[in-house]
Amino acid sequence: MPTSTFRRQMLSIGALAATGTLMLSGCAGGFDDGGDAASGDTPTRIVAAIPTDPTSMDPIKSGALVVLSVFFHTFDQLVTITADGELAPKLATEWTANDDLTQWDFTLQEGVTASNGEAITAEDVAFSYQTILADPTGENFAYLSSVASVEAVDDLTVRFTLKSPFSAFPRNTSLISIVPADTYQEMGADAFAQAPIGSGPYLFDKIQTGVSYDLVRNDGYWGDAPAIESISLQPVSSDESRVNGVLSGSLDVAPIGPTQVESVEGQDSAQVFSALSNGVVFLGVNSTSGVLTDARIREAIGLAIDKEAITEGLLSGLAEPAATTLAPAVEGYSEDVTDPAYDPERARELLAEAGYAGEPIPFDYATDGRIPLSADVAQTIQASLEEVGITIDLRGADQQAHTLKVRGREMEGIYLNTWAPSTVDGDLPLTDLYEPAGNNNYAQDPRTAELAAEQRGVEGASRLDVFAELLSYSNEQGYYVPLYVPMNNYAADADLDWTPRADGLFDFTQTSFK
Amino acid sequence: MTTSLTLATAPVVQRWRPRPGAIVGALMLGTVLLLTALVPLLPGYDPMGQDLRAALLPPFTDPAHPLGTDALGRDLLSRLALASAVTLGMTVLIVIMNAVLGSLVGILAGYYGGRLEALITLVSNVTLAMPVVLLLIAICAVLRPSAGLTILVLGCTWWVGYARVTRNIAAALRRQDFVVSPLTQGADSVWVLTRHIVPNVWPHTLIIAATDVATIVLITSSLEYLGLGVQPPVPSWGSMIFDGQRHLAGDPWLALLPGLMLLLAVGGVQFLSQQFTAETRGGLLRKGGMR
Amino acid sequence: MLLFIARRLALAVATVLAVVTIAFVLGRATGEPGALLLPDNATQADVEALNSALGFDRPLLLQYLDTLAGLVTGDFGDSYRLRESALGLVLERVPATIELAFWAFVIGLALAVVAALAIQLTGSRVLRAIVGWAGALRQSVPDFFFALLLVLAFSVLLGALPSLGRTSYASLVLPVVTLVTGQFVMYLRLLDAALSEQAGQDFVRTAIAQGQRRSTVLFTRMLPNAIVPVLGMAGLNLGGLLGGTVVVEVVFAWPGLGKLLTDAVSQRDFPIVQAGLVFVALAFVIVNTAVDVLVRRIDTRTAAA
């Protein structure tokens, strides 16, 4: 039997361990202030869920799209893209180009100051852009790949000199945030990321990486004061948690998946916003691999898929069938571009003509991540293709592995992919789909490369014509099989008065509660 | 000496007294097994056929689909049967792999001792210190996720419990006269191992395996839930629950039915295994089982 | 004794080294993260430049040695995605996980003791049967499913408790309940077995024959004996509990280490993965070594007694 000394020792060790653990868990700190989202007479605080964690809060280094949901509030960009996809002035009041679209001048707003008082002039704009251009490994670099140089002509004018004509250039500037140059250089990039200073309508109140990004209204803002006093953006990766958050009141607005819309619509405490997104879900095709080199087989694949069954049945009407790889909201979209309707009989004929003998075609898809219900969509497509006699080798991987394969141009057959340009303009997707360096471009067709480059040198109606020609040609060749344009769906507090953006990012500067 | 050896190391199942728990357990597990075996023989069996217009049918509304359909219009009864076969099949394979691997390693460690034992202790420590879920996620990121990969990884990381017990037994047996004397007389180690060590060890392995089945089913289904495991369109309990949770508010049966099957299977195995561990519980609680 | 401790420590160090090596090999095998850190329209050249800047084109051996060096100095580098010290991020999240593990452990153990004592004192077979069956049912369901049911019942239908995040004491309830029920069942089984074994011992019968009250014997003699093996088991389990909170953290968006690690593995954020795995391995190894030493101590003492 244990002696009493021993028992005392055991007890003291136990007590020590317990206290230690309690202290350690106490280090977890006070609770996050998620708390009551909407309370009081007219609530003035919005708690919004974002699907992934933004990277750092330094806008020079950080460019992953989700972080823009934060930066749109705390920093100024030269221009902004409105909810219906149009360009509008923000820091710049107007912009002009020279005749061959290689030089762009932006005129800035007067009297803009950052929240610490530093004046924002063309110098700061030039600094922000130059710093990004100096680091080819940076996340924002790719948006400025067309820029040869940027300079401050005078206090209120910034001039961009481009390497080649680019008519849609101003749209790219909507993604680049301006930092106060002196403050940024004094603090250094790392310190700046911990305590960022911007000139936007909101200030950073508290940053808890991976947990919440809290903003408060900047009363010294040069523009119109927003109605909402404070915003908290919280990364919540699970679909279910986001829905439960809105229904239970912990969140005011959160992106949700198409299958959850029905359950939210029935509730009094919440409403649903659905709007066509700026993206298209499509099948990429490696037209140089195996049986896919035969254009008839590629055509058969397109004919065998019943897009309406997918959008109406699987996605509950929360998507529209797509005829091209650009969504209607995107500049460059044309209704004239069509693709053949669902016709499984014709698909079988084509397969027989091409002498298809049942060779399995690999079909890669990501099991989670960017495309909601991607696994269901992939299985439905597999079933449709097998229905007309095509053998499919279905291969799923996690989103990151899938992305790495896409970027490395390693696909061996068809694959599920999506493209949603944050500039709401067709130029970005075209580079990736049709230009020689594009990751999705297996065909390497010189005609598509030529047309893709051509659209940059023209504006307006002639530009739309180039797009239409390119996209029609792509459909004829079966280089891609456009599937559908998904809607962005949100669950929100019943009293929220808000218009969602096509790109799925948050901008609450025009938002209020009823 | 020999008498006390037999008594201490062999499980005592003297009288077959079925406890109420065991009966319930047998019924639960039996239901699952019957479903798995019989449903594929039915005429309407079709776990893969899709019909988007007949999606999300509730159970008991359509005679063609007794338990309803899923989001792609596939028959749930058929998919449940196939999922049971898949999850249970994977579990059995994993448990067998671990039992064989762990017992072998444990016997060798206990029998030979010394540096071999030290090495095995290191390997088992590393195995325990490494979170299996993360390991599997990483491996599946390199090679595509598949049932085979999951079976392989789980089959090689859950053996430590077996090794510990069998090592103690083998080490104790090693010192016994009936092992030492043949060896000094020139008998072959392999002969001693197969003739004396293994027969005394495998009943214990069996008991651990019986209780392990429940644990492994839960782990396997958690991995399936995370998307690692058998790949679509082949169903499994965990992946069906994952797919079904999206519809929890409107069509709860999609997640609840596979959950129920899980409960019946795991609960059934647990209650049944209690029947066999009851008598030897006291013996196993003591370290080494040799007092 | 000292030799024993020294050997255990050597084992601990070797274990951590092995874990780091496995993490390194797997990490490198899953591909270079450059493409994941740049937008869709970045070119191959951009991606390769970034990978080079992150040090992925150096010889593998050098990268490995770098990792080992980092292990010794405690510098695992900065997270690729969050650009903060990887170790810092890991340590930031650990207390939240420990919070869950701690409360689940304490409450689970306490409830198990209460229940086991109640069963012994009342001698009620009905009580034992009820608790036994309820426990078995709970053990038959995976944590993620139980958690989902709890959320459905208490958060969505009743609106009584928060369903995600770490916002208040109320938000602790559902995640802890999910874990507690599992722990409770396990400790109850052990305690019940241990106490029942005690009840059959001679010294108990003698004490009662001498007129001592059953409850006195229970508290002063049986319980202390019974609790020792349970504590040993609990110690080991605490280490395992830290790993077992992952699923619960994901379902409840609880900002803990488990979730940080699974996210990091998915996103190929190696510095966090390495820092996190080392931390988990260290924790496991420390707890295990401590328990081993304690148990050894108990053994030598009881052998001597």
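The values are calculated or read from the model by the stated rules, or taken from the named source; none is laboratory data. All values derive from a computational prediction rather than experimental measurement. Positions of Cβ are generated from backbone atoms using ideal geometry, with glycine treated the same way; all protein chains shown enter the neighbour counts.
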- Inspect region C:99-119 for any residue being facing chain A (nearest Cβ under 10 Å) and small (Gly, Ala, Ser) and give the result as yes or no. yes
- Query: If we keep just the residues of region C:45-74 that are more than 7 Å from every other protein chain (Cβ to nearest Cβ), more than 35 Å from the chain's Cα centre (by Cα) and not aliphatic (A, V, I, L, M), which is nearest to A:GLN399 (Cα to Cα)?
  - Reply: C:GLU48
- Task: Scan region B:156-184 residue by residue and report those that are surrounded by fewer than 18 Cβ atoms within 10 Å (Cβ to Cβ), part of a helix (DSSP H, G or I) and without any contact (Cβ under 8 Å) to a residue 40 or more places away in the chain.
- Result: B:VAL180, B:SER181, B:PRO182, B:LEU183, B:THR184
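Is one or more of the residues making up region B:108-115 among the small types (Gly, Ala, Ser), touching a Ser or Thr at 6+ places or on another chain (Cβ under 9 Å) and surrounded by fewer than 24 Cβ atoms within 10 Å (Cβ to Cβ)? Spell out the reasoning first.
The initial filter retains those residues of region B:108-115 that are among the small types (Gly, Ala, Ser), namely B:109-110, B:113-114.
In the following step, the residues that additionally are touching a Ser or Thr at 6+ places or on another chain (Cβ under 9 Å) were identified as B:109-110.
Within this subset, residues satisfying the condition of being surrounded by fewer than 24 Cβ atoms within 10 Å (Cβ to Cβ) are none.
No, the conditions are met nowhere in region B:108-115.
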- Task: Name, by its number, the condition in (1) modelled with pLDDT under 80; (2) more than 19 Å from A:PRO59 (Cα to Cα); (3) surrounded by 15 or more Cβ atoms within 10 Å (Cβ to Cβ) that does not hold for C:GLY74.
- Result: (3)
- What about A:ALA181, is it touching a Ser or Thr at 6+ places or on another chain (Cβ under 6 Å) and of a type in the set (A, V, I, L, M, F, W, C)? no
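Yes/no per residue for (1) of a type in the set (Lys, Arg); (2) within 25 Å of A:GLY369 (Cα to Cα); (3) over 22 Å from the mean Cα position of the chain (by Cα):
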position: A:LEU203; (1), (2), (3): no, no, yes
position: A:ASP219; (1), (2), (3): no, no, yes
position: A:ILE228; (1), (2), (3): no, no, yes
position: A:SER241; (1), (2), (3): no, yes, no
position: A:LEU247; (1), (2), (3): no, yes, yes
position: A:VAL253; (1), (2), (3): no, yes, no
position: A:VAL264; (1), (2), (3): no, yes, yes
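Here's the yes/no breakdown for (1) modelled with pLDDT under 90; (2) within 24 Å of B:ASP51 (Cα to Cα); (3) touching a helix residue (DSSP H, G or I) at 6+ places or on another chain (Cβ under 6 Å):
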position: A:GLU345; (1), (2), (3): no, yes, no
position: A:ILE381; (1), (2), (3): no, yes, no
position: A:GLU387; (1), (2), (3): no, yes, no
position: A:ASP393; (1), (2), (3): no, yes, no
position: A:GLY408; (1), (2), (3): yes, no, no
position: A:GLY413; (1), (2), (3): no, no, no
- Of the numbered conditions (1) modelled with pLDDT of 85 or more; (2) surrounded by fewer than 21 Cβ atoms within 10 Å (Cβ to Cβ); (3) part of a helix (DSSP H, G or I), B:LEU254 satisfies every one except a single condition; which is it? (2)
- Positions within region A:119-135 being modelled with pLDDT of 90 or more and assigned to a loop (DSSP other than H, G, I, E, B), in sequence order: A:ILE120, A:THR121, A:ALA134
- Item | Within region C:29-46, tally of residues that are surrounded by fewer than 19 Cβ atoms within 10 Å (Cβ to Cβ) and in contact (Cβ under 8 Å) with a residue 60 or more places away in the chain | 0
- Query: Mind checking whether some residue in region C:185-201 is in a helix (DSSP H, G or I), aromatic (Phe, Trp, Tyr), facing another protein chain (nearest Cβ under 8 Å) and buried (at least 17 other Cβ atoms within 10 Å of the Cβ)?
  - Reply: no
- Do we have A:SER422 as away from every other protein chain (no Cβ under 14 Å), hydroxyl-bearing (Ser, Thr, Tyr) and out of contact with any Ser or Thr (no Cβ under 7 Å at 6 or more places or on another chain) here? no
- So the helices (runs of 4 or more DSSP H) completely within region A:136-241 holding 3 or more residues that are more than 29 Å from C:ALA45 (Cβ to Cβ) and at pLDDT 90 or above are A:181-187
- Output yes when any residue across region A:92-112 is crowded, with 17+ Cβ neighbours inside 10 Å and on the phi > 0 side of the Ramachandran plot, and no when none is. yes
- Note on the structure: Going through (1) in contact (Cβ under 8 Å) with a residue 60 or more places away in the chain; (2) within 11 Å of another protein chain (Cβ to nearest Cβ); (3) not small (Gly, Ala, Ser) one by one, B:LEU135 fails only at (1)
- Task: Would you list the helices (runs of 4 or more DSSP H) that sit entirely within region A:340-430 and hold 3 or more residues that are in contact (Cβ under 8 Å) with a residue 12 or more places away in the chain and of a type in the set (Gly, Ala, Ser)?
- Result: A:374-387
- Which number in (1) under 28 Å from the mean Cα position of the chain (by Cα); (2) of a type in the set (A, V, I, L, M); (3) part of a helix (DSSP H, G or I) marks the one condition that C:LEU121 misses? (1)
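If you go through region A:444-455 one residue at a time, do you hit one that is at the interface with chain C (Cβ under 10 Å from one of its Cβ atoms) and either assigned to a helix (DSSP H, G or I) or surrounded by 24 or more Cβ atoms within 10 Å (Cβ to Cβ) (or both)?
The answer is no, given that none of the residues of region A:444-455 is at the interface with chain C (Cβ under 10 Å from one of its Cβ atoms) and either assigned to a helix (DSSP H, G or I) or surrounded by 24 or more Cβ atoms within 10 Å (Cβ to Cβ) (or both).
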- Message: For region A:208-217, which positions are more than 14 Å from A:SER69 (Cα to Cα), within 22 Å of the chain's Cα centre (by Cα) and not polar (S, T, N, Q)?
- Response: A:GLY210, A:VAL211
- Matching entry among B:MET97, B:MET90 (being of a type outside the set (Phe, Trp, Tyr), in contact with a Cys (Cβ under 8 Å, 6 or more places away or on another chain) and farther than 26 Å from B:ASP251 by Cα): B:MET97
- May I ask you to list the residues in region B:159-178 that are touching a His at 6+ places or on another chain (Cβ under 9 Å) and farther than 12 Å from B:VAL201 by Cβ? B:GLN176, B:PHE178
- Query: Could you give every pair whose Cβ atoms fall below 7 Å, whose first residue belongs to region C:78-94 and is facing chain A (nearest Cβ under 8 Å), and whose second residue is among the acidic types (Asp, Glu), counting only separations of at least 6 or pairs across chains?
  - Reply: C:ARG81/C:ASP269; C:GLU84/C:ASP78
- Within region B:238-257, track down each residue that is more than 14 Å from chain A (Cβ to nearest Cβ) and more than 18 Å from C:VAL151 (Cβ to Cβ). B:LEU257
- Note on the structure: Going through region C:77-87 in order, the residues found to be closer than 21 Å to C:SER52 by Cβ and surrounded by fewer than 22 Cβ atoms within 10 Å (Cβ to Cβ) are C:GLY77, C:ASP78, C:TYR80, C:ARG83
- Task: Go through C:LEU26, C:LEU9, C:LEU17, C:LEU36 for me and flag whichever is under 19 Å from C:ARG81 (Cβ atoms), part of a helix (DSSP H, G or I) and more than 11 Å from chain A (Cβ to nearest Cβ).
- Result: C:LEU26
